[in-house]
Amino acid sequence: MNRLNLVTLGTKDIIKSHNFFKELGFETSIMGPESDPAIIFFRNEGSRIALYPLEELAKDINNENPPALSDGFPGITLAYNAKSMGEVDKVFKRAELAGAKIIKEPKETDWGGYSGYFTDLDGYYWEVAYGEDWEFDESNMLVID
């Protein structure tokens, strides 16, 4: 097991979240009626992302005893690896216009990169980062040696 194929985000309002991610530029496939989708898959490069109703996601983990839902830090961050500092700034501007909450403005990091954090409409933390020495493969995935 040496890859991650799908990250599923439990969302409080699947339609609002879908619109948020469309504003960020993601292309999607909706399963079920558009007014009440069962699940929405993203057609992005690299690992896949999906939106799924939060209560249904909890039940999918354990239908008899779903995990408790929390309004705090969800214990996960998602990352977008940019190819320039300008791209980081562009993603942040787009996210803010779409309704993201900026948690940490992009700035130079102690590891020599450039990075910041925002939360989406459901409070998931997204890091947008750039590293001068980063290389990307043909799928625009960060090459990690």
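The values are calculated or read from the model by the stated rules, or taken from the named source; none is laboratory data. Everything numeric here is computed off the predicted structure, so don't read it as measured data. Counting neighbours? That spans all protein chains shown, and the Cβs are built from the backbone with ideal geometry, glycine included. Accessible surface is based on the protein model in full, side chains and every heavy atom, while ligands, DNA and RNA are left aside. Shrake-Rupley method; radii C 1.70, N 1.55, O 1.52, S 1.80 Å.
What to note about this one:
- Taking amide H as placed 1.01 Å from N in the peptide plane, residue 48 has its amide H under 5 Å from the amide H of 6, 7, each at least 5 places away in sequence or on another chain.
- Accessible area per residue, Å², the chain with all protein chains present, probe 1.4 Å: 66 Å²
- Between residue 44 and residue 78, the modelled labels are 0.5 nm apart [label points 7 Å from Cα along Cα→Cβ].
- For residue 109, residues with placed amide H under 5 Å, excluding near neighbours: 114, 115
- Degrees, to the nearest 10: 85-98 long Cα axis against longest axis of the chain: 30 degrees
- Scanning residues 5 or more positions from residue 136 or on other chains, those with amide H under 5 Å from its amide H are 143, with H placed 1.01 Å from N in the peptide plane.
- Members of 12/83; 22/93; 16/59; 59/93; 59/90; 16/83 lying beyond 26 Å, as alpha-carbon distances in this model show: 12/83; 59/93; 59/90; 16/83
- Cβ-Cβ distance of residue 87 and residue 55, R₀ of 35 Å, FRET efficiency by 1/(1 + (r/R0)^6): the value works out to about 0.50.
- Note on the chain: with charges restricted to the Cβ of Lys and Arg (+1) and Asp and Glu (-1), its dipole about the Cα centre is near 300 debye.
- Principal-axis tilt of helix 14-24 within the chain, Cα atoms, nearest 10 degrees: 20 degrees
- Taking every DSSP helix (H) stretch of at least 4 residues in the chain, weighting each as -39,500 (n - 2.57) and dividing the sum by the residue count yields a mean residue ellipticity at 222 nm of -7000 deg cm²/dmol.
- Residue-span extension gain [residue 137 to residue 28] - 0.36 nm each, minus C-alpha spacing: 37.0 nm
- Expressed to the nearest 5 percent, the antiparallel share of DSSP beta bridges inside the chain is 60 percent.
- Dimensions of region 32-135 based on its C-alpha atoms, expressed as ranges along the principal axes with the largest first, amount to 47, 28, 27 Å.
- For residue 76, the accessible area of its heavy atoms, probed at 1.4 Å with every protein chain present, is near 70 square angstrom.
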